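For reference, the structure is listed below as structure tokens.
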Amino acid sequence: MSVNITAAQVNDLRKQTGAGMMDCRKALTETGGDFEAAIDWLRKKGQKVAANRSDREAKEGVVIAKAEGTYGIIISLSSETDFVAKNQEFIDFANRLADIALDTKADSIEALKSAKMDGVTVSDKLLEMVAKIGEKIDITRFEQVEAEHVVPYIHGNYRIAVLVGMNKPHAEHIHTAGRDIAMQIAAMSPMAVDEKGISGETLERERKIAIEQIVAEGKPQEMAEKIAQGKLNKFFKENTLLPQAFVKDNNKTVADYLKSVESDLTVIGFKRVAVGS
């Protein structure tokens, strides 16, 4: 027996799920007007959409950084197109996901997807967004930092997100310094806080490249070994945070700037995520 689906039912389902009017009417028709079953039907449609688009590259999206006291998170919510990434509803959704990650202290993408959002899991909400927008949408990066004080920073219309972990508890001048450092990290993309954070594999690769360059210039091997260390020191200065020239005052290193704020102030860790990375 056919069930008469009213415009009010369709509108209620559309408001709750964000799906299109025709999809909502079909979901209610297919499920005999059962509201909860219709929501499940739409989620299944979302799964189908996601599967159909699984070969599409989601290189756009937004990155969100948030922190509270000693803990901070970054999430990257990806989309296929810049058009969707700039949509306010998509940005608001990403911010809600970041709030949930911060509140629950999720420690992975899987943990975040298992968390509750409006009475269902984040995974289900993602499927609803896929069904509504028709693009491949997913949480593709999750990072966290714990420190005495964590400073979040978002750069370039949600294109780059940074967390900076300071070694001192919150105070206005500590937070201001952390924000300055976050902007430095966004602009310069250092690999680590200092040379201790560079992997042995990376150091060996850089050393070999330096030696090959020096030998190619006609220098003997034994001299090349010594000159290579100088090149490595330059590599550290350019690619690690504390020895970098401070972008707001090139006459200082980042370490010098931090010491000018407090003599023993430093950064103990950071995370930087860019859209598409």
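Just so you know, all these numbers are worked out from the coordinates, no wet-lab data involved. A quick note: this is a predicted structure, and the numbers were derived from the prediction, not measured. Cβ: placed from backbone, ideal geometry, glycine included. Neighbour counts: every protein chain shown.
Given a 10 angstrom Cα cut-off, can you work out which residue in SER79, SER263, SER114 is the most mobile in a GNM of the chain?
SER263
Hey, what does the equivalent ellipsoid look like for the range 7-52, semi-axes from the Cα gyration tensor as sqrt of 5 times each eigenvalue, largest first, whole Å? Could the numbers behind the result be given before it?
Working: eigenvalues 58, 24, 13 Å².
Ellipsoid semi-axes (Å, largest first): 17, 11, 8.
Calculate how steeply helix 35-52 sits against the longest principal axis of the alpha-carbon atoms of the chain, using the helix alpha-carbon long axis, and give the answer as 0 to 90 degrees to the nearest 10.
Tilt of helix 35-52: around 50 degrees.
Can you tell me the orientation of helix 21-30 relative to the chain, as the angle in degrees between its alpha-carbon axis and the longest Cα principal axis, to the nearest 10?
Helix 21-30 sits roughly 60 degrees off the main axis of the chain.
Using the structure shown, list the pairs from LYS105/LYS248; LYS15/LYS45; LYS44/LYS271; LYS231/LYS271; LYS168/LYS226; LYS59/LYS259 with a Cα-Cα distance above 28 Å, or answer none.
Values: LYS105/LYS248 34 Å; LYS15/LYS45 17 Å; LYS44/LYS271 35 Å; LYS231/LYS271 26 Å; LYS168/LYS226 38 Å; LYS59/LYS259 39 Å.
Listed pairs above 28 Å: LYS105/LYS248; LYS44/LYS271; LYS168/LYS226; LYS59/LYS259.
Between helix 88-104 and the chain, what is the angle of the helix's C-alpha long axis to the longest principal axis, kept within 0 to 90° and rounded to the nearest 10?
Compared with the principal axis, the helix lies near 70 degrees.
Can you tell me the equivalent ellipsoid semi-axes for the range 136-277? Use √(5λ) from the Cα gyration tensor, largest first, whole Å.
Value: 32, 20, 12 Å, ordered largest first.
Quick check: net charge around ASP124, other residues with Cβ under 13 Å of its Cβ, Lys/Arg +1 and Asp/Glu -1?
Values: positive: ARG43, LYS44, LYS45, LYS113, LYS116, LYS125, LYS132; negative: GLU36, ASP40, ASP118, GLU128.
Its environment carries a net charge of +3.
Among ALA101, ALA186, ALA37, which one shows the biggest mean-square fluctuation in a GNM of the chain, springs joining Cα atoms closer than 10 Å?
Among ALA101, ALA186, ALA37, the largest GNM mean-square fluctuation belongs to ALA37.
Do any GluC sites (Glu not before Pro) in the range 119-159 lie in a DSSP loop with no more than 14 other beta carbon atoms within 10 Å, and if so, which? Don't jump to the answer; show the numbers that get you there.
Numbers: sites: GLU128, GLU135, GLU143, GLU146, GLU148; in loops: GLU135, GLU148.
Passing both the DSSP loop test and the Cβ count: GLU148.
Using a Gaussian network model on the chain with a 10 Å cutoff between Cα atoms, which of THR202, THR104, THR81 fluctuates the most?
Looking only at THR202, THR104, THR81, the largest GNM fluctuation is found for THR202.
Placing +1 at every Lys and Arg Cβ and -1 at every Asp and Glu Cβ, with all other atoms neutral, what dipole size does the chain have around its Cα centre, in debye to the nearest 20? Before the final figure, lay out the partial values.
Details: 38 positive and 42 negative charges, 103 e Å.
I would put it at about 500 debye.
With both bridge residues required to lie in the chain, what share of the DSSP beta bridges run antiparallel, to the nearest 5%?
Here the antiparallel bridges make up roughly 95 percent for the chain.
Please report, in debye to the nearest 20, how large the charge dipole of the range 223-277 is about its Cα centre when each Lys and Arg carries +1 at its beta carbon and each Asp and Glu carries -1 there.
Details: 9 positive and 6 negative charges, 42 e Å.
So the dipole magnitude of the range 223-277 works out to roughly 200 debye.
Go through the range 177-183 residue by residue and turn each phi into a ³J(HN,Hα) via Karplus (6.51, -1.76, 1.60, θ = phi - 60°); whole Hz please, and just put x for glycine and proline.
For the range 177-183, the Karplus-derived couplings read 4, x, 5, 4, 5, 4, 5 Hz, x marking Gly and Pro.
Using unit Cβ charges (K, R positive; D, E negative) and no other charged atoms, how large, in debye to the nearest 20, is the dipole of the range 7-52 about its Cα centre? All intermediate terms of the calculation are to be shown ahead of the outcome.
On the way: 8 positive and 6 negative charges, 44 e Å.
Dipole size: approximately 220 debye.
Tell me, Kirkwood radius of the chain from alpha-carbon pair distances, in Å?
21.7 Å
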